[in-house]
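Visitor: Take this structure first; my questions come after.
The values are calculated or read from the model by the stated rules, or taken from the named source; none is laboratory data. Computed from a predicted structure; not experimentally measured. Reconstructed Cβ throughout: ideal geometry from the backbone, glycine too, with neighbour counts over all protein chains shown.
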Amino acid sequence: MEADGSVPRGQGTKMAIPEVGPVWGTVGGGCVEKYIIREARFVFQDGQTRVKEFDLGDGSWSGIGMSCGGKVKMMLELVEPPERLVVFGSGGISQACAQIGHMLGYKVLVMDPFATKELFPDAEVVTQGVLHRLKEMVFTPYDNILILTEHRYDIEALQAVLGSQARFIGMIGSKNRVNTSYKELIEAGAPLEKLLSVYAPVGLDIGAVTQQEIGLSIMAEVVHARRGGSLGHLRLVKLLERSEKTHEAKKVDGGEPGGAARERSIAR
């Protein structure tokens, strides 16, 4: 953020520290950089931005004086990859989910032989070799997968993504249809515990009727899987005798499907 006097790196220098793996770049090395890397774990835990100041001529805080003699101020900020919404299907519900996902800031990828840019103007559209390309894709904990194929290739799509690290995998269909699909996949070797972690039938029960309402119920469940929440009403049901929080404090779940570490980094 700031640099004054003789310092190893100037103002504007950045370094990325992933939650797992080696760092990219440097802020000058030495004990300050080691301290910053250790401090990063607290940012990963609570997501809070931190600002740290260092006098490089004062060794009292680290036990090691640095000959530079200058002063630096560094900011530790959590940087997460953009969320991606991957939609298999091109019908009205798929269109509603893609539209809502785009509005929520997701990078939307639609994969279906019948999808067009006219139907999905704000999404990347893949129409050729969908299943072949799907098998080659790598999904991360920042991916949210919706299988809305009208049962044309839902079993094949689910089988391809079942072992992935995607945060959310949802499939549309009645409970009977989902149950039949699961039995077929189990016979093909799919583990039951993996299947039961899929959001299927996908969507929250909000009494949705229209395709747009069903899309809303699905995207609400996608957001809930990401953000958490009680799924209860927030309305006031009685007068308060003292101040209360609108939202209950929720515990952030650092775990992802398959136990994968989040691909996050801290830049400064």
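Visitor: How many of the residues making up region 17-34 are surrounded by fewer than 16 Cβ atoms within 10 Å (Cβ to Cβ) and either in contact with a Lys or Arg (Cβ under 8 Å, 6 or more places away or on another chain) or under 19 Å from GLU80 (Cα atoms) (or both)?
Guide: 6
Visitor: If VAL110 satisfies every condition in (1) under 16 Å from the mean Cα position of the chain (by Cα); (2) modelled with pLDDT of 95 or more but one, which is the exception?
Guide: Result: VAL110 passes all but (1).
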